[in-house]
Amino acid sequence: MADHWAVLERELMLAARHAVLVPAKGELERSAYLLLSRLAAGGPMTIAALAEAFGLDVSTVHRQVAVVLKAGLVERVLDPGGGVARLLRVTAEGQRKLVAERGRILGCLRDILGEWPAERVAVLADVLIGYNEAVEGSEGRSWPR
């Protein structure tokens, strides 16, 4: 009998590798896609809040944000709650590129899994939701859905 934990580890490693390869061909860099996705899902955030959400150092996120700011994909806005720090918000151009990139990625997934019955795709989605929620719970930070 195979060690299920070892099989799971190998398959998650391969899934992560494949997930990196699919978006690599698009208009947005992977870090820009992730930043825009997080801001679009959860609303405007500070750089510090983004760093916390991703579990990354603030300086790393600051460099990634500088790229999307320069490209006009996000903008700095005043905190409606009166806070001193500026919030980052997706611009119309950022939203347009995010929607286009997501559509391209969905097309890739349909090309790859198009022969699967809808029920099997739904099961995979449910399993991944459960896995991601377990990881998020163990880290104490969730991704808005």
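The values are calculated or read from the model by the stated rules, or taken from the named source; none is laboratory data. Fair warning: this is a prediction, and the values are worked out from it, not measured in the lab. We place every Cβ from the backbone using ideal geometry, glycine too, and count neighbours over all the protein chains shown. In case anyone asks, the SASA skips ligands and DNA or RNA and just uses the protein heavy atoms, side chains included. Shrake-Rupley method; radii C 1.70, N 1.55, O 1.52, S 1.80 Å.
The table below lists the values:
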{"read-out": "For segment 32-136, accessible area per residue (1.4 Å probe, heavy atoms of protein chains only), Å²", "value": "60 Å²"}
{"read-out": "Computed label-point distance, nm, for sites A71 and A122 using a 7 Å Cα→Cβ extension", "value": "3.6 nm"}
{"read-out": "Rounded to 10°, Cα long-axis angle of helix 92-113 versus longest principal axis of the chain", "value": "0 degrees"}
{"read-out": "Distant alpha-carbon pairs in segment 96-145 (separation over 12 angstrom), percent", "value": "72 percent"}
{"read-out": "Euclidean distance of C-alpha centroids, segment 87-145 and segment 9-74, integer Å", "value": "13 Å"}
{"read-out": "In Å, descending, principal axis extents of the Cα set of the chain", "value": "58, 32, 24"}
{"read-out": "Pairwise label distance in nanometres, A19 with A6, each label 7 Å out on the Cα-Cβ vector", "value": "2.5 nm"}
{"read-out": "Label-point gap, in nm, between C108 and V58 - each point 7 angstrom along Cα→Cβ", "value": "3.3 nm"}
{"read-out": "Accessible area (Å², 1.4 Å probe, nearest 10) - R10", "value": "110 Å²"}
{"read-out": "Residue of A134, A48, A32 that the Gaussian network model of the chain assigns the largest fluctuation, springs spanning Cα pairs under 10 Å", "value": "A134"}
